[in-house]
Amino acid sequence: MNSVLNILIDIASTPAILVALIAVLGLGLQKKPISDVVRGGIKTFVGFLVVTAGAGVIEGSLAPFGEMFQHAFNMQGVVPNNEAIVALALTKYGTYTALIMLAGMAFNILIARITKFKYIYLTGHATLYMACMIAVIMSVTKMSAVPLVLVGGLALGLANTIFPAIAQPFTKQITKNDSVALGHTGNFGYALSGFIGKYVGNKEKSTEDINFPKGLSFLRDSTVSITLTMGIVYTIVALFAGNEFISENLSNGTNYIIYALQQAGMFAAGVFVILAGVRLILAEIVPAFKGISEKLVPNSIPALDCPIVFPYAPNAVLIGFLTSFVGGIVSLFIMIATGTTVIIPGVVPHFFCGATAGVFGNATGGVRGAVVGSFIHGVIISFMPILLMPVMGDLGFQGSTFSDTDYGVTGIFLGKLADMGGQIAIVSGVLAVLALLLALTIFGKKKATETKEVA
């Protein structure tokens, strides 16, 4: 039984396999020729592996940057890292996490079927991490196994439906269609960035239309501009960290400036690989998903990982990352000055989430929207973990915590319910959210009927 469960969890938490199977299912439901089914499944599988490889390259280049930054400026505190906190939690809450994850995926499909919120969340690792956080918070209430899994699964299914819905109005402005949604754990922050961009900027002045002098026209190539910009950033941090620290601890004796430039180039290479993988995925998964949309969950929309929006505004990706990171640094100084728990800016969340926030801010507010939206996003993902840590029980103060906004919103919501009334409050709160989705669906259908009658 455990081996079967482990296999299901491995499939569900591996995006490349999960989405490839979804593509195969969708093409099969459309009764496509076997050659099309095989080709679509394999290209989707490879596309996700390409994105994963690119993400790995970026994370590999950001890890030494984070170490250099902390050493250069003598930073001590809590470093938000989803993988680190999940690794700690799974040793104690692994079984509950697995069961909540499977239940959450089933509830997500059911909610998409019976409500107007048609988003099928396909980012498996993000689902696993959210399931883990929910398992930890609900275990603190001493809820017994069966209700813990069912209520936790329902909470996960609701989160995986609601957060793509919150971001979708802005996602449509980016992609210019309604065929794909964003399935990532920073959707609340991205939607907020898009909302802010609408009021502080001008979407006609896009980051992708930045006018460079004729002699600098090569900067329009995103690979070139990212390499140069990150080369400057890495070199500055390396100068502060010093040759001795870098040579002895990071570069295996390579000169510290050469090492910094190499890592900057690796960062740009990772972005290039991600953009190529995303294009491959979108070319396959959107047509394949029509089978599921037509047969199983009518009008359903696949919610995919955050890099799917990167090709639409590569300049905004870089601007979003840098300004989100600056927001984290400003927040760090505020925390030191006010004596709160110090959250050290995590380079990985500030890249993936900050870059995405930049794309959303640019879609509604151009350059200014990208800068302001991602800066505020950086402040939010710095302070939100401070509010989340107390509801995480013994795991809350282990030197790491969850970083993205959706963890904060979900965790703080469930944690405050637990503080207010324990198990009963959590069950009531989760059911109330479900009732709200159902009410919005009924109201929407009634309004649509009245509009037709008037017409």
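The values are calculated or read from the model by the stated rules, or taken from the named source; none is laboratory data. Remember, predicted model here, so these are calculated numbers, not experimental data. Quick reminder, even Gly has a Cβ in these numbers, built from the backbone with ideal geometry, and neighbours come from all protein chains shown. All accessible areas refer to the heavy atoms of the entire protein, side chains included, with ligands and DNA or RNA removed. Shrake-Rupley method; radii C 1.70, N 1.55, O 1.52, S 1.80 Å.
Annotations for the structure displayed:
- Alpha carbon centroid spacing (whole Å) that separates region 84-112 from region 1-74: 18 Å
- Dipole size of region 154-308 about its Cα centre, with +1 on Lys/Arg Cβ and -1 on Asp/Glu Cβ: approximately 520 debye, rounded to the nearest 20.
- Shown in residue order for region 159-173 are the 3J(HN,Hα) couplings computed by the Karplus curve 6.51 cos²θ - 1.76 cosθ + 1.60 at θ = phi - 60°: 4, 6, 9, 6, 5, x, 5, 4, 7, 4, x, 7, 4, 5, 5 Hz (x for Gly and Pro).
- Which of Pro385, Gly422, Val140, positive extreme of dipole for the chain (C-beta unit charges): Gly422
- Pairs from the table (Lys172/Lys203; Lys118/Lys445; Lys32/Lys445) lying more than 25 angstrom apart at Cα are Lys32/Lys445.
- Full extension of the chain between Ser3 and Lys142 gives 47.4 nm of extra length, using 0.36 nm per residue less the Cα-Cα distance.
- Cβ-derived FRET efficiency at R0 41 Å, Asn243 paired with Ala106, nearest 0.05: 0.15
- Taking every DSSP helix (H) stretch of at least 4 residues in the chain, weighting each as -39,500 (n - 2.57) and dividing the sum by the residue count yields a mean residue ellipticity at 222 nm of -27000 deg cm²/dmol.
- From most to least packed by mean Cβ count within 10 Å, the peptides 139-146, 173-180, 63-70 give 63-70, 173-180, 139-146.
- 3J(HN,Hα) along region 142-151: 6, 5, 5, 4, 5, x, 4, 5, 5, 5 Hz, from the Karplus curve 6.51 cos²θ - 1.76 cosθ + 1.60 with θ = phi - 60°, whole Hz, x for Gly and Pro.
- Two-site FRET efficiency, Glu83 against Ile34, from Cβ-Cβ distance with R₀ of 51 Å, rounded to 0.05: 0.85
- Atom-type composition of the exposed protein surface of the chain places 66 percent of the accessible area on carbon and sulfur (1.4 angstrom probe).
- For region 3-442, averaging the sequence separation of C-alpha pairs within contact (under 8 Å, six or more residues apart) and dividing by the residue count gives a relative contact order of 27 percent.
- For Ala303, distant residues with modelled amide H under 5 Å away: Ile120, Tyr121, Leu122, Ala181
- Probe 1.4 Å, protein heavy atoms only - accessible area per residue of region 3-442 in square angstrom: 40 Å²
- Trypsin sites (Lys or Arg not before Pro) restricted to DSSP loop in region 1-76 with at most 16 other C-beta within 10 Å: Lys31
- Karplus 3J(HN,Hα) series, Hz, for region 111-123 with 6.51 cos²θ - 1.76 cosθ + 1.60 (x for Gly, Pro): 5, 5, 6, 9, 10, 7, 9, 9, 9, 9, 7, 10, 8
- Applying 0.36 nm per residue to the separation of Ala439 and Leu228 and subtracting their alpha-carbon distance, the gain on full extension is 70.8 nm.
- In the chain, a dipole from Cβ-located charges (positive for Lys and Arg, negative for Asp and Glu) runs towards its positive end, and of Phe69, Phe245, Val347 it is Val347 whose Cα lies farthest in that direction.
- The charge dipole of the chain, taken about its Cα centre with unit charges on the Cβ of Lys, Arg, Asp and Glu (plus for the first two, minus for the last two), comes to roughly 1520 debye.
- Taking every C-alpha pair closer than 8 Å and separated by at least 6 residues, the mean separation divided by the residue count of region 137-269 gives a relative contact order of 16 percent.
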